[in-house]
Amino acid sequence: MALNALDRHVALVGFMGAGKSTLVLPLAERLGRAGYDLDENASEIIRAVGMEQFRAQEMQRTLFALEGGTPSVFALGGGAVTTAEIREELTRSAFTLLLDVDVETAWQRCAGGDRPLARDEAEFRRLYDERRPLYREVADATTADVDGAVLAAAGVYHEAGALDRLGELVPGAGQVALVADATVLGLYGERARAALGDRCVATHELPSGEQAKQLAVVERLWSELPLDRTGTVVALGGGALTDTAGFAAATYLRGVAWVAVPTTLVGQVDAGLGGKTAIDIPQGKNLVGAFHWPARVVIDEELLGTLPERERRQGLAELIKTQLLAGEELDVRGAAAYKAALCLRDPRDRGVRNWLNLGHTFAHGLEAAADFDLPHGEAVALGLLAALKLSGRDDAPVRDALDPKPVAVDRERAWQALLRDKKRAGDDINLVLLGDDGPYVERRPAGEVRAALDSLIVG
Ligand SMILES: NC(=O)c1ccc[n+]([C@@H]2O[C@H](COP(=O)([O-])OP(=O)(O)OC[C@H]3O[C@@H](n4cnc5c(N)ncnc54)[C@H](O)[C@@H]3O)[C@@H](O)[C@H]2O)c1
Ligand SMILES: [Zn+2]
């Protein structure tokens, strides 16, 4: 079983009428990959050369495509999974997504069309029943839409009540160590342990919030984790907890698997996704860490029900940021899918993933000038105002949703912190800005950037 599509093709499988051909290009675009419909012209080919010849050609074409180098997105023919060689190659080189459809819908979509295999309804239903187990056998995940496909390709599972299914959602069969803080353990520890069952061999309580992100905390976790290399760290909590537990997993035994179960809005739309883990050192936040993609991310929005309002506001700022980047309104699932796609495109943060820093250059300057007494979400809300101003765009979406107020910090300190935070290009500063076609990175003169920063500060 493939856990994600990081270094693999995405292969869409499913019955006739499931919508594979419709999904393949939009999905490829989201993932920044080439997309190919391997089932194009199938009906004509079948009519011209017959079914047997068609299957032989389909096998050649499909194997050739899947054996190729650069990870791409392919829509396979509905019957491709009946060929054993194709099933084997899917296991080897693809993350296989089943685009599921019920037989009624499939028949409605296909009846009366030109598909040779969709002439007779009884035969159509028989084929459906015959192939269904084969789709299930090859599929790494099942999906119904583009966001669902992106999430699955990133290893993200989104479902209300998923906490109670943790046992089946933690890949593998090895032992599990549950890591959480006292608050979250009190709220959800029992349910998590019950869902994990016998596999859960230890529970580790970490300090709450940013207090967790310290070397001493990780050191204690290293010394207490009872896992061997088949084990999995399950990190249940906000971004600080998943950053810390994820970093411990990245380093323990040179890396064991981990599963993120984000319990805050920040965690579900941002921190829990994409495999960046980190702790703080006296020299600064997040300065020591590792890229370590979680074996799975489990997003259960029901867990947000107990989140204090001030924590929710932190997440709202990142959600609004993501909406601005995407150019549309998004719910938690949509925002998670947006970030997941950028991270899949750029797992090591060398290109498009940087877009997620919209407004953050300013936010980091303000936070440092406030000795990190300013909540990140409030700093981001202010930073978004500045980014929109420099983009020449209306800032009403940010003002309406977040209503950020200028802060009283030392202007010069904020400016110096902003400069330290940025790789400078001469006197210009690289910023993520927002255009009509989405985000882009541009160098702006220092004076302009300083003026935008100053407008976020009072006194
Ligand atoms: N790795 C990344 O890509 C990434 C991205 C963004 C932010 N982060 C990091 O995330 C951290 C911030 O995370 P955060 O905003 O989630 O806050 P947090 O992790 O500091 O948690 C905030 C508080 O909320 C409580 N809490 C968590 N879930 C709860 C729930 N369901 N009900 C009630 N209380 C709950 C916790 O006990 C904690 O006290 C920062 O350290 C930041 O650097 C990392
Ligand atoms: Zn942020």
Only one of G231, G274, G246, G239 is at positive phi and at pLDDT 95 or above; which? G274
Restricting attention to segment 33-68, and to residues there that are out of contact with any Asp or Glu (no Cβ under 9 Å at 6 or more places or on another chain) and polar (S, T, N, Q), which single residue is surrounded by the fewest Cβ atoms within 10 Å (Cβ to Cβ)? N41
For segment 294-309, the count of residues that are open to solvent by less than 60 Å² (accessible area, probe 1.4 Å) and more than 10 Å from ligand 1 (Cβ to nearest atom) equals 6
By my count, helices (runs of 4 or more DSSP H) wholly in segment 314-404 with at least 2 residues that are over 23 Å from Q283 (Cα atoms) are 332-345, 376-390, 396-402
Identify the residue in segment 212-223 that is more than 16 Å from ligand 2 (Cβ to nearest atom) and in contact (Cβ under 8 Å) with a residue 12 or more places away in the chain and, among all such residues, is nearest to the chain's Cα centre (by Cα). A212
Within segment 239-252, identify whether any single residue is within 8 Å of ligand 1 (Cβ to nearest atom) and out of contact with any helix residue (DSSP H, G or I) (no Cβ under 8 Å at 6 or more places or on another chain), and answer yes or no. yes
Quick check, is F291 open to solvent by 40 Å² or more (accessible area, probe 1.4 Å), within 13 Å of ligand 1 (Cβ to nearest atom) and within 18 Å of G209 (Cβ to Cβ)? no
Out of the residues in segment 333-376 meeting the condition of being among the basic types (K, R) and in contact (Cβ under 8 Å) with a residue 40 or more places away in the chain, tell me which one is most open to solvent (accessible area, probe 1.4 Å). R348
So, in segment 252-277, of the ones that are in contact (Cβ under 8 Å) with a residue 60 or more places away in the chain and charged (D, E, K, R), which residue ends up least open to solvent (accessible area, probe 1.4 Å)? D270
Name the single residue that is most open to solvent (accessible area, probe 1.4 Å) among those in segment 377-393 being out of contact with any Leu (no Cβ under 7 Å at 6 or more places or on another chain) and either at pLDDT below 95 or more than 12 Å from ligand 2 (Cβ to nearest atom) (or both). K389
Would a scan of segment 435-445 turn up a residue that is touching a helix residue (DSSP H, G or I) at 6+ places or on another chain (Cβ under 7 Å), of a type in the set (D, E) and open to solvent by 10 Å² or more (accessible area, probe 1.4 Å)? no
Taking segment 107-124 and keeping residues open to solvent by less than 80 Å² (accessible area, probe 1.4 Å), in a helix (DSSP H, G or I) and farther than 15 Å from K20 by Cβ leaves W107, E121, A122, E123, F124
Counting only residues that are of a type in the set (S, T, N, Q) and part of a helix (DSSP H, G or I), which one in segment 80-101 is surrounded by the most Cβ atoms within 10 Å (Cβ to Cβ)? S93
Quick one: is R312 within 25 Å of P26 (Cβ to Cβ) and either more than 10 Å from ligand 1 (Cβ to nearest atom) or surrounded by fewer than 24 Cβ atoms within 10 Å (Cβ to Cβ) (or both)? no
Of the residues that sit in segment 158-195 and are surrounded by fewer than 17 Cβ atoms within 10 Å (Cβ to Cβ) and closer than 23 Å to L6 by Cβ, which one is farthest from ligand 1 (Cβ to nearest atom)? A173
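The values are calculated or read from the model by the stated rules, or taken from the named source; none is laboratory data. Computed from a predicted model, the values in this text were never measured in an experiment. Neighbour counts are summed over all protein chains in view; Cβ atoms, including those assigned to glycine, are modelled from backbone coordinates with ideal geometry. Accessible surface areas use protein heavy atoms only, side chains included; no ligands, DNA or RNA. Shrake-Rupley method; radii C 1.70, N 1.55, O 1.52, S 1.80 Å.
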